[in-house]
Amino acid sequence: MPRMAENNLSVAANAVSTNRLAGLLHEFLDRPAVVTLAAACSAVGLNVSLLIGGQAVVQDQAVSQANRFPVQPDDLVTQEQGIGRLVLQFRNTTGAAIIVHWSMDVDYLG
């Protein structure tokens, strides 16, 4: 099961990150897969959005403020099935930078 992860991503004040999966090996799912996203940030005010194959499965949802690398099931954001391009973005709703840690597991179904 491939895992994509990033530790210590700083999202600037009132900003939206780029697609964090852009250029990674599993950005494009060429067959059905179960995608598991977990995230934790350093402060209140960070939201996450996840698109799978152009369909929003998580839209601007708040992220856990555990201030550590995410553990499951505590920091689980979603577990969805899909195919196509993955787009993962974080949005900071505050006036100061926020650090986020995230991991995504991709479990291909066939």
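Key figures
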read-out: Residue 31 being of a type in the set (Lys, Arg), under 15 Å from the mean Cα position of the chain (by Cα) and either exposed (fewer than 12 other Cβ atoms within 10 Å of the Cβ) or modelled with pLDDT of 95 or more (or both); value: no
read-out: Qualifying position, being part of a strand (DSSP E or B) and surrounded by fewer than 19 Cβ atoms within 10 Å (Cβ to Cβ), among 7, 19; value: 7
read-out: Odd one out for residue 44 among (1) part of a loop (DSSP other than H, G, I, E, B); (2) surrounded by 12 or more Cβ atoms within 10 Å (Cβ to Cβ); value: (2)
read-out: Residues satisfying the stated conditions in segment 100-110, i.e. surrounded by 15 or more Cβ atoms within 10 Å (Cβ to Cβ) and either among the β-branched types (Val, Ile, Thr) or modelled with pLDDT under 95 (or both); value: 100, 106
read-out: Enumeration of residues in segment 11-27 that are of a type in the set (A, V, I, L, M), over 15 Å from residue 44 (Cα atoms) and touching a strand residue (DSSP E or B) at 6+ places or on another chain (Cβ under 7 Å); value: 16, 21, 24
read-out: Among residues of segment 59-84, those that are aliphatic (A, V, I, L, M) and either in contact (Cβ under 8 Å) with a residue 40 or more places away in the chain or crowded, with 19+ Cβ neighbours inside 10 Å (or both), counted; value: 4
read-out: Enumeration of residues in segment 85-99 that are crowded, with 16+ Cβ neighbours inside 10 Å and either under 23 Å from residue 33 (Cβ atoms) or among the polar types (S, T, N, Q) (or both); value: 86, 87, 88, 89, 90, 92
read-out: Residue check, residue 34 among the β-branched types (Val, Ile, Thr) and over 17 Å from residue 7 (Cα atoms); value: yes
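The values are calculated or read from the model by the stated rules, or taken from the named source; none is laboratory data. The structure presented is a predicted model; accordingly, all values stated were derived computationally and were not measured. All Cβ positions, even for glycine, are placed from backbone atoms using ideal geometry, and neighbour counts span all protein chains on display.
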